[in-house]
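I have placed the structure first, in the form of structure tokens, so that the comments after it can refer back to it.
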Amino acid sequence: NAGVTQTPKFQVLKTGQSMTLQCAQDMNHEYMSWYRQDPGMGLRLIHYSVGAGITDQGEVPNGYNVSRSTTEDFPLRLLSAAPSQTSVYFCASSPGTGAPNEKLFFGSGTQLSVL
Amino acid sequence: AQSVTQLGSHVSVSEGALVLLRCNYSSSVPPYLFWYVQYPNQGLQLLLKYTTGATLVKGINGFEAEFKKSETSFHLTKPSAHMSDAAEYFCAVRPVGARGSTLGRLYFGRGTQLTVWP
């Protein structure tokens with residue numbers, strides 16, 4: 001029962017470096033999303049996808065790219081890391097639309113520090 | 001634009017006391033409403049949700065919430081707090097548009113940290 005798997009769990013970057021946060025789910029969920037969590041700010045949606053090949057922006061997309069080439073994977077790319085991107089990042093997935101499917105399954109998070 | 005307000009960033013109760021965590025939303029159309037819980041160093045877990053139907057919703061671990069359209073509220077309650085309830089709680093909304101849904105745009109409140117004293 002892997003669920004939603006995020007790697008790495010911790011990462012330290014220097015300003016200007018790029019990296020990819022990995023997210024994979026084994027539940028055949030259509031919907032996947034990335035959130036960042038900052039103290040006192042709750043969770044803010046970065047990007048999301050409603051299926052392979054389809055992505056859209058959330059509330060705070062600047063500085064991040066995503067792609068969805070398969071149902072299982074939804075990587076988040078930081079193109080040029082900035083200290084403002086220091087945060088805890090969560091990937092989440094959901095089966096799809098319809099009231100019974102309205103439930104997000106979260107990964108355990110990636111703690112990112114940008115120096 | 002969607003807005004979710006959780007009143008009180010920190011709530012402290014004694015073990016056995018009533019837990020009340022407040023959530024208000026702003027939306028012209030009643031959205032889908034959720035409460036999620038986050039234990040330390042973990043991701044979020046769904047406690048309960050309201051989509052349609054009965055406005056009093058029961059969730060896991062003895063929690064329940066009531067959707068009140070007239071008050072645009074979805075407060076979370078538990079009659080008797082337990083030490084294991086100590087966690088951060090997030091209210092969230094998903095807009096339901098005129099053409100069906102806007103799947104993907106789940107908006108979270110800023111969270112309420114619940115402390116339970118022995």
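The values are calculated or read from the model by the stated rules, or taken from the named source; none is laboratory data. From a predicted model like this one, the values you see are computed outputs, not experimental measurements. Methodologically, a virtual Cβ is constructed for each residue, glycine included, from the backbone with ideal geometry; neighbour enumeration extends over all protein chains shown. Accessible surface is based on the protein model in full, side chains and every heavy atom, while ligands, DNA and RNA are left aside. Shrake-Rupley method; radii C 1.70, N 1.55, O 1.52, S 1.80 Å.
Side notes on the structure shown:
- Take every pair of alpha-carbon atoms less than 8 Å apart whose residues are at least six positions apart; their mean separation over the length of the range B:4-99 yields a relative contact order of 37 percent.
- Pairs of alpha carbons in the range B:1-108 whose separation is greater than 21 Å (percent): 33
- Trypsin sites (Lys or Arg not before Pro) restricted to the range A:1-107 and DSSP loop, no more than 13 other C-beta within 10 Å: A:K9, A:K14
- At least 50 Å² accessible surface lost relative to isolated chain, residues of the range A:15-54 (1.4 Å probe): A:L43
- Solvent-accessible area of the range A:48-99 (1.4 angstrom probe, protein heavy atoms only): carbon and sulfur portion equals 50 percent.
- Dipole moment magnitude, nearest 20 debye, chain B about Cα centre, only Lys, Arg, Asp, Glu C-beta charged: 460
- The residues of chain A expose, per residue, 45 Å² of accessible area to a 1.4 Å probe.
- The amide H of B:T115, built 1.01 Å from its N in the peptide plane, has B:V11, B:S12, B:V13 as neighbours under 5 Å, considering only residues 5 or more places off or on other chains.
- Derived scalar couplings ³J(HN,Hα) [the range A:64-80; Karplus, 6.51 cos²θ - 1.76 cosθ + 1.60; whole Hz; x for Gly, Pro]: 10, 10, 9, 8, 9, 8, 10, 5, 7, 10, 8, x, 10, 10, 9, 7, 8
- Of the solvent-accessible surface of chain B, computed with a 1.4 Å probe over protein heavy atoms with every protein chain present, carbon and sulfur atoms account for 52 percent.
- Each chain gives up part of its surface: B and A jointly bury about 1900 Å² of accessible area, both sides summed, for a 1.4 Å probe.
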